[in-house]
1. Out of 3, 21, 68, which single residue is surrounded by fewer than 12 Cβ atoms within 10 Å (Cβ to Cβ) and at pLDDT below 90?
2. So, residue 32, is that one over 12 Å from the mean Cα position of the chain (by Cα) and without any contact (Cβ under 8 Å) to a residue 40 or more places away in the chain or not?
3. Please go through the range 50-65 and pick out each residue that is loosely packed, with under 14 Cβ neighbours inside 10 Å and either within 16 Å of residue 3 (Cα to Cα) or within 11 Å of the chain's Cα centre (by Cα) (or both).
4. Could you list, in sequence order, all residues of the range 33-49 that are under 16 Å from residue 74 (Cα atoms) and either surrounded by fewer than 14 Cβ atoms within 10 Å (Cβ to Cβ) or touching a strand residue (DSSP E or B) at 6+ places or on another chain (Cβ under 6 Å) (or both)?
């Protein structure tokens, strides 16, 4: 297991999972990850977030009224 895994590689700051039993890449293009076990997500532009019993992590989607579609949120 890696000590720290970036679950937001396209982010300008990154979002890192620490202390997870396992981090599984579900989809690299869409940046979908599954964490197993208790862990902590850290980032320079957000607070630390405690994750209990694993989690599905995907980028935030926001609605763009000009293109009328949902897009990945930008930092």
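1. 3
2. Against the criterion (over 12 Å from the mean Cα position of the chain (by Cα) and without any contact (Cβ under 8 Å) to a residue 40 or more places away in the chain), residue 32 does not qualify.
3. 50, 56, 60
4. 44, 45, 46, listed by residue number.
The values are calculated or read from the model by the stated rules, or taken from the named source; none is laboratory data. Keep in mind that what you see is a predicted model, and the values were worked out from it rather than measured. Neighbour counts run over all protein chains shown; Cβ positions are idealised from the backbone, glycine included.
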